[in-house]
Amino acid sequence: MDQRVILFFADRLPPLIGGMEMHGRYFIEHFSDHKSLPLTGIVTKTPNGEDCLIAKNHKYVIDIEKLPTLVKPDILFFNSGKWIEELIELRHLFPSAYFIYRTGGNEILKAPLARQAIFEHKLRQAYWASSLNQAIDLLITNSNFTEARLREIGIKCAFARCIGGVNPTALKSKSSIQNNSPLRLFCAARFVAYKNHELLLSVFHELILRGQDICLHLAGDGPLLDDIKRQVKAYKLESVVKFLGALDNEAVCQEITSADVYIQLSTDYLTKVPGGTYIHTEGMGRSILEALSAGTFVIAGKSGALPEMVSEDRGLLVDVNDRTAITDKIEQTLKQLPSKLPPIEDYSWANLFSRYEEIMMRLTK
């Protein structure tokens, strides 16, 4: 059987629970013993920035230039931009391999550099764009929105759109959903500015004042967590808002299946970086895809790529710039909330990796 061997550049791995870690976990599980696209090794970073290779159940700190003596990949697959300053070197080290980079877009727009002394943000973006154009054969994105943003900063390599990253098994509720009030709203998102928890709490507070019988569960951690806890206390919402902490994906999925509504009012957030600014926003939103897949009704901010994901039959998009209009629309929706929708598997890991397989086999013929 014709094989194409993959070397996977994974950045961080579980037990960390962010989007890249989830992708890395399932990618490794799927391709480790793949008949046509076997995984030969994983390159990752130590906490102090050293490159290391995981192969044959061993982990080695390595020098990148020695990689060709250790592995012979046909495909280098990157799931983050941690190697942006090593991409050109890797391209020279593996001249006949195909380079694929999967991105949500925000890290490319942010354009951080560890070694290059480039202060102006636009010039750092130009460095990223130039490196990707020279080294990457295919850039996998998760939305038309993300692709358009990357084109705007000068990225010219080929694109493929692959949407997904949901574990349908974890979304199968182990207990029956209770229809008793209060209605349970759930949000799983890091407490960072673009996730817009401040707006969510403000709208939730107004709904309570209007007499809505609801409660809110919040999963996640992050730098703004204490600020949001203080907001809950100021609104005297302690009895109806529950902080669940940082949950693993299986626990998040169980909360999603148990909720009446998944709500996330993410925004397009102007973010300062050295020498400039960029817009940080949703390129996809895995928890939203999980809620859509589970049949839990979604209420989401009309920002980033979310209008591509949330359809009228499974959710409601709201303009995050008008708090009163948001509250009015949500109040009306909660009064006429549809019953649980049938689950879908469009966004499953299996479907996502089937798309990867098609792409990789076609690229390497």
inquiry  = Of the residues 226, 248, only one is loosely packed, with under 15 Cβ neighbours inside 10 Å, of a type in the set (Asp, Glu), at pLDDT 95 or above and not assigned by TED's automatic domain parsing to the domain that holds residue 104; which?
reply    = 226
Positions within region 69-79 being within 23 Å of residue 358 (Cβ to Cβ) and either touching a Cys at 6+ places or on another chain (Cβ under 8 Å) or at pLDDT below 95 (or both), in sequence order = 79
query = Within region 129-173, restricting attention to residues that are in contact (Cβ under 8 Å) with a residue 12 or more places away in the chain and among the charged types (D, E, K, R), which residue is nearest to residue 309 (Cα to Cα)?
reply = 161
task = Please identify the pairs in which a residue from region 103-115 that is under 16 Å from residue 11 (Cα atoms) and touching a residue at least 60 places away in the same chain (Cβ under 8 Å) has its Cβ atom under 7 Å from the Cβ atom of a residue that is of a type in the set (A, V, I, L, M) and assigned to a loop (DSSP other than H, G, I, E, B), counting only partners at least 6 apart or on another chain.
result = 104/284
task = For residue 198, work out the one condition from (1) part of a helix (DSSP H, G or I); (2) buried (at least 17 other Cβ atoms within 10 Å of the Cβ) it doesn't fulfil.
result = (2)
request  = Report whether or not residue 340 is of a type in the set (Lys, Arg), in the same structural domain as residue 247 (by TED's automatic domain parsing) and in contact (Cβ under 8 Å) with a residue 12 or more places away in the chain.
outcome  = no
task = Have a look at 45, 59 and point out the one that is assigned by TED's automatic domain parsing to the domain that holds residue 353, over 29 Å from residue 283 (Cβ atoms) and out of contact with any Ser or Thr (no Cβ under 6 Å at 6 or more places or on another chain).
result = 59
query = What is the residue count in region 312-358 for residues that are part of a helix (DSSP H, G or I) and surrounded by 18 or more Cβ atoms within 10 Å (Cβ to Cβ)?
reply = 8
query = Do you know which residues across region 42-73 are surrounded by 19 or more Cβ atoms within 10 Å (Cβ to Cβ) and within 20 Å of residue 2 (Cβ to Cβ)?
reply = 73
remark   = Of (1) touching a residue at least 60 places away in the same chain (Cβ under 8 Å); (2) more than 30 Å from residue 3 (Cα to Cα), residue 360 fails just (2)
request  = Consider only pairs whose beta carbons are under 8 Å apart and that are at least six residues apart or on different chains; among these, list those whose first residue lies in region 70-84 and is closer than 14 Å to residue 104 by Cα and in the same structural domain as residue 45 (by TED's automatic domain parsing) and whose second residue is outside any loop (DSSP other than H, G, I, E, B) and β-branched (Val, Ile, Thr).
outcome  = 78/100; 81/108
query = Which number in (1) more than 30 Å from residue 125 (Cα to Cα); (2) outside the structural domain of residue 204 (by TED's automatic domain parsing) marks the one condition that residue 359 misses?
reply = (1)
task = Answer yes or no: is there a residue in region 252-264 that is surrounded by fewer than 17 Cβ atoms within 10 Å (Cβ to Cβ), outside the structural domain of residue 125 (by TED's automatic domain parsing) and not polar (S, T, N, Q).
result = no
query = Which of the following residues is under 30 Å from residue 120 (Cβ atoms) and touching a residue at least 60 places away in the same chain (Cβ under 8 Å): 275, 301?
reply = 275
ask   = In region 19-40, which residues are within 30 Å of residue 190 (Cβ to Cβ) and in contact (Cβ under 8 Å) with a residue 24 or more places away in the chain?
value = 19, 20, 22, 23, 24, 26, 27, 30, 31, 39
ask   = For region 266-309, list the strands (runs of 3 or more DSSP E) that sit wholly inside it and hold at least 2 residues that are surrounded by fewer than 24 Cβ atoms within 10 Å (Cβ to Cβ); which are they?
value = 269-273, 276-280
ask   = Out of region 30-41, which residues are more than 19 Å from residue 58 (Cβ to Cβ) and surrounded by fewer than 19 Cβ atoms within 10 Å (Cβ to Cβ)?
value = 30, 34, 35, 36
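The values are calculated or read from the model by the stated rules, or taken from the named source; none is laboratory data. Bear in mind the structure is a predicted one, so any value in this text is a computation, not a measurement. Here the Cβ is made from the backbone with ideal geometry for all residues, glycine too, and neighbour counts use every protein chain on show.
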